[in-house]
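Only one structure is covered here, and it is reproduced in the block below.
The values are calculated or read from the model by the stated rules, or taken from the named source; none is laboratory data. Computed from a prediction, not measured in an experiment: that's the story for all the values here. Here the Cβ is made from the backbone with ideal geometry for all residues, glycine too, and neighbour counts use every protein chain on show. These area figures cover heavy atoms from the full protein model, side chains too; ligands, DNA and RNA do not enter into them. Shrake-Rupley method; radii C 1.70, N 1.55, O 1.52, S 1.80 Å.
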Amino acid sequence: PDFPQACRLFQDFCGQCGLQARRNYFAVRKKAHTFLVLGTERLLQNEAYLSDAQFEWLEKELGRACTGGKPVFVVCHQPLHGRNQVDQRWPEGALGAESQRLDALLLRYGQKARAPIIYISGHLHKRSPAAFEQAGQNVYYLNLPGLLDCGCAPRGTMRAGGEGFVLAAENGKVTLQGINFITGKRHPEQHYEILYGAPGDEAMPK
């Protein structure tokens, strides 16, 4: 219930991980790839609140990153309304009022980008055939399963938990592979490739 204290703890945790996070949102650059991490600025039950200042920051960062020819990863806890079937699976679990504004911003920069923009979310807690989708030119949405509660085991157990994705980025291709990190089992039905940098760029689910 003490949201300012929660924010301070989050920022302290980021600092211990070597990340500079003076706010609930920040940018990280690794090997010429940009990760833009969004965060709520108000205490809401399931949705998130992104301020005008955060949108202005995001637009400036996208404008800079999308000219570099490398994929850009936008990370937020909640998926957007209308994406990854969130409205059918858990309508209250979407980002909320800013969903349409954020979606429009990503689609606009996707038109300008030389490489894909990949929006990574979670919050829905289960693997799904709708976990990956393309939305307009150069914009893709990936919803991650719950690490511990994946719907494969009784709630609160880790026996079948450990769900996630391995991400690999190389020249002209991003690979997203669903995997169980505890058992090492890969999920071939959740193997996705995004090709870019040549005519006929497309996402290729395998």
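Some values worked out for this structure:
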{"quantity": "Any hit, the range 3-14, residues being modelled with pLDDT under 90 and hydrophobic (A, V, I, L, M, F, W, C)", "calculated": "no"}
{"quantity": "Matching strands (runs of 3 or more DSSP E) fully within the range 106-206 where at least 3 residues are modelled with pLDDT of 90 or more", "calculated": "117-121, 132-134, 139-143, 163-170, 173-180, 186-195"}
{"quantity": "Residues located in the range 86-104, provided they are over 15 Å from the mean Cα position of the chain (by Cα) and either part of a loop (DSSP other than H, G, I, E, B) or in contact (Cβ under 8 Å) with a residue 12 or more places away in the chain (or both)", "calculated": "89, 90, 92, 96, 97, 98, 100, 101"}
{"quantity": "Test: residue in the range 68-79 that is over 16 Å from residue 36 (Cα atoms) and among the aliphatic types (A, V, I, L, M)", "calculated": "no"}
{"quantity": "Test: residue 67 is surrounded by 12 or more Cβ atoms within 10 Å (Cβ to Cβ) and not in a loop (DSSP other than H, G, I, E, B)", "calculated": "no"}
{"quantity": "Candidates 50, 44, filtered to the one that is in a loop (DSSP other than H, G, I, E, B), modelled with pLDDT under 90, out of contact with any strand residue (DSSP E or B) (no Cβ under 7 Å at 6 or more places or on another chain) and closer than 22 Å to residue 144 by Cα", "calculated": "44"}
{"quantity": "Qualifying residue in the range 102-118 (condition: under 21 Å from residue 41 (Cα atoms), open to solvent by 40 Å² or more (accessible area, probe 1.4 Å) and not β-branched (Val, Ile, Thr))", "calculated": "yes"}
